[in-house]
Amino acid sequence: MELSHPNRFQSIFSEKGMTLIEIMVVLIIIGLTMTIVATNVFKRLEQAKVETTKTQIKALAQPLGLYRQDVGFYPSTAQGLEALLEKPTVGKIPDNWDGPYIESKKTPKDAWDKDFEYSCEDGRNYTLISRGADKEPGGEGPDADISSDDL
């Protein structure tokens, strides 16, 4: 028994496949779309790291304040943030150290896993700096330095 109309599936499979040019056009479109998406995701990721680092700098103000409240001055540049973990053994040794002032066993790092630069020359004012994504002084955007003086 022969059918009077052709089988639909047979006509679909009997057509030729896509040409090489059509495949290349599709791949270029997919590549461009992925580039746009990746660029936007990367920008958001870098901006999130900047905001995280700003939050970390602000959060370090509390243990530094507690240290100053107990001791009467901020740790010196030579003592660094390590003074929040262990009683300093260099510079002006505090009598009333009652730490550790932070819970972690290591000094905190910025969002790019780099140590903060801490400085305090007079015991009354300190500066915390992250060098940003490029880890070099200066820069713009996510490469810009983030300083406690600017927050």
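Values for this structure:
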item	result
Close pairs from segment 53-77: first touching a residue at least 24 places away in the same chain (Cβ under 8 Å) and within 30 Å of D134 (Cα to Cα), partner surrounded by fewer than 17 Cβ atoms within 10 Å (Cβ to Cβ) and among the polar types (S, T, N, Q), Cβ under 7 Å, at least 6 apart	T77/S119
Condition met for V41 (closer than 25 Å to R131 by Cβ, modelled with pLDDT under 85, part of a helix (DSSP H, G or I) and of a type outside the set (S, T, Y))	yes
For R131: the one exception among (1) in contact with a Pro (Cβ under 9 Å, 6 or more places away or on another chain); (2) under 27 Å from G72 (Cβ atoms); (3) modelled with pLDDT of 95 or more	(2)
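Every residue, every condition in (1) buried (at least 17 other Cβ atoms within 10 Å of the Cβ); (2) in a loop (DSSP other than H, G, I, E, B); (3) modelled with pLDDT under 95; (4) of a type in the set (F, W, Y), yes or no:
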residue	(1), (2), (3), (4)
I57	yes, no, no, no
P63	yes, no, no, no
A78	no, yes, no, no
L81	yes, no, no, no
K87	no, yes, no, no
G91	no, yes, yes, no
E103	no, yes, yes, no
T107	no, yes, yes, no
D122	no, yes, yes, no
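The values are calculated or read from the model by the stated rules, or taken from the named source; none is laboratory data. Model, not experiment: these values are computed from the prediction. Ideal geometry is used to build each Cβ from the backbone, glycine not excepted, and the neighbour counts take in all protein chains shown.
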